[in-house]
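Each reported figure results from applying straightforward, stated rules to the coordinates on display, with no laboratory input. Computed from a prediction, not measured in an experiment: that's the story for all the values here. So basically every Cβ, Gly included, is an ideal-geometry build from the backbone, and we count neighbours across all protein chains shown.
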Amino acid sequence: MLTTTNIILLVVGLLIVWIVLAFNGLVRLRFRVREAWSDIEVQLKRRYDLIPNLIETVKGYMTHEKDVFEKVTQARAQSLSAKGHTEKGAAESELSGTLKTLFAVSENYPDLKANANFMELQRELSDTENKIQAARRFYNGNVMEYNTKIHVFPTNVIAKLFGFLIEEFFQLDNDAAKEPVAVKF
């Protein structure tokens, strides 16, 4: 027989179970967001590692393009030191723009375009750009799911109670940087 005490205990028990499930769901989503950001960082590091090799390959052919090299190097350094998703997005936009400039200038050097090392680095960089774009989409999808869960009732109560914070989307600043680096032979 159900007494008032049993009913109260049942309701409290169900409430505790719901709180635990909601909390664990938010924690899982937060870790998925962090994992997705880690994927972006892996691809960005791969791009950062390719850039010095690309510059060294190009330097021998493009003797009069010193300012282009400096801009690419500066943009790479800014991207490496950027903190937070917003700052990182702005720095990555700048880096993508300078790389596009480098590839546009390289069009004026037929010997460079015929260099196998340059062609391989350009292919790898283009592949990395595509992977960054895919990782960004994956990250932003996880952020959307996590942020939605934080805002939707009744899990928003648990999120506020336990200090779950909104995550930033990873966005590039300008439209030109949203496209992968063009590879033309």
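Observations on the structure shown:
- Residues of region 128-153 with amide N under 13 Å of a point placed 7 Å along Cα→Cβ from W18: 153
- Estimated purely from DSSP H runs of n ≥ 4, each contributing -39500 (n - 2.57), the mean residue ellipticity at 222 nm for the chain is -27500 deg cm²/dmol once divided by its residues.
- About its Cα centre, region 16-178 has a charge dipole of approximately 660 debye under the convention of +1 per Lys or Arg Cβ and -1 per Asp or Glu Cβ, with nothing else charged.
- Here the spin labels are modelled as points 7 Å beyond Cα on the Cα-Cβ line, and at K66 and N156 they lie 5.8 nm apart.
- Whole-Å semi-axes of the ellipsoid equivalent to region 21-179 (Cα gyration tensor, √5λ, descending): 40, 14, 11
- Helices in the chain that qualify as membrane-span-like (whole DSSP H runs, Cα extent of at least 18 Å along the helix axis, mean Kyte-Doolittle hydropathy of -0.5 or higher) are 4-59, 84-106.
- A simple spin-label model places the labels of S126 and A77 3.1 nm from each other, with each point 7 Å out along Cα-to-Cβ.
- The F31 and I8 beta-carbon pair, evaluated with R₀ = 41 Å, returns a calculated FRET efficiency of approximately 0.70.
- The peptide list 44-52, 10-18, put in order of mean Cβ contacts within 10 Å with the highest first, becomes 44-52, 10-18.
- Relative contact order (%) - the chain, alpha-carbon pairs under 8 angstrom, separation at least six: 34 percent
- Of the residues G84, L95, S126, the one whose Cα sits farthest towards the positive end of the charge dipole of the chain is G84 (charges of +1 on Lys and Arg Cβ, -1 on Asp and Glu Cβ, taken about the Cα centre).
- Counting only residues at least eight positions apart within a chain, or on another chain, the lysines with an alpha carbon under 30 Å from that of K160 are K83, K88, K149.
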